[in-house]
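Undergrad: Okay, here's the structure, questions in a sec.
The values are calculated or read from the model by the stated rules, or taken from the named source; none is laboratory data. Here the structure is a predicted model, which is why all the values come from computation and not from measurement. Positions of Cβ are backbone-derived with ideal geometry, glycine not excepted, and every protein chain shown enters the neighbour counts. Side chains are part of the model used for accessible areas, which takes the heavy atoms of the whole protein and leaves out ligands, DNA and RNA. Shrake-Rupley method; radii C 1.70, N 1.55, O 1.52, S 1.80 Å.
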Amino acid sequence: MRDRSHDTAMAEIFREDPGYAIELLNSILEDGDQAELLIALRQMAEAFGGVRQVAQRAELNPNQLYRTLSEKGNPEVRSLTAILRAMGLRLAIQPLNPVPVARA
């Protein structure tokens, strides 16, 4: 049996089940844990062809993307939006509580 890293295993799971990746990202965003979000985004970048390919699609410098997704990274909204777009995803805002529908 071949050993593989946790990141490699997660990238394979994300590749096979993109819906799971979306659920995980939304769960992390609800908790607000930036470190966990950056780990998941690094793993997803690997699933989507690697950091260099994601950087190219996001029109970011690969070194910048490595730094952005590092443990000490602090992505700007613009970078985060570009990274997610390169993976076929987008950042969205949703109400915590359902908004009542206005009636005429």
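Undergrad: Quick check on my filter: what residues within the stretch 5-23 are loosely packed, with under 11 Cβ neighbours inside 10 Å and not in a helix (DSSP H, G or I)?
TA: Selection gives Ser5 alone.
Undergrad: Of the residues that sit in the stretch 58-72 and are modelled with pLDDT of 90 or more and closer than 21 Å to Thr8 by Cβ, which one is surrounded by the most Cβ atoms within 10 Å (Cβ to Cβ)?
TA: Leu65
Undergrad: Here's a follow-up. For the stretch 24-40, indicate whether the set of residues that are of a type outside the set (Gly, Ala, Ser), open to solvent by less than 60 Å² (accessible area, probe 1.4 Å), within 9 Å of the chain's Cα centre (by Cα) and over 16 Å from Ala92 (Cβ atoms) is non-empty.
TA: Yes, the stretch 24-40 has at least one match.
Undergrad: Tell me which residues, restricted to the stretch 83-104, are closer than 23 Å to Asp31 by Cβ and aliphatic (A, V, I, L, M).
TA: Ile83, Leu84, Met87, Leu89, Leu91, Ala92, Ile93, Leu96, Val99
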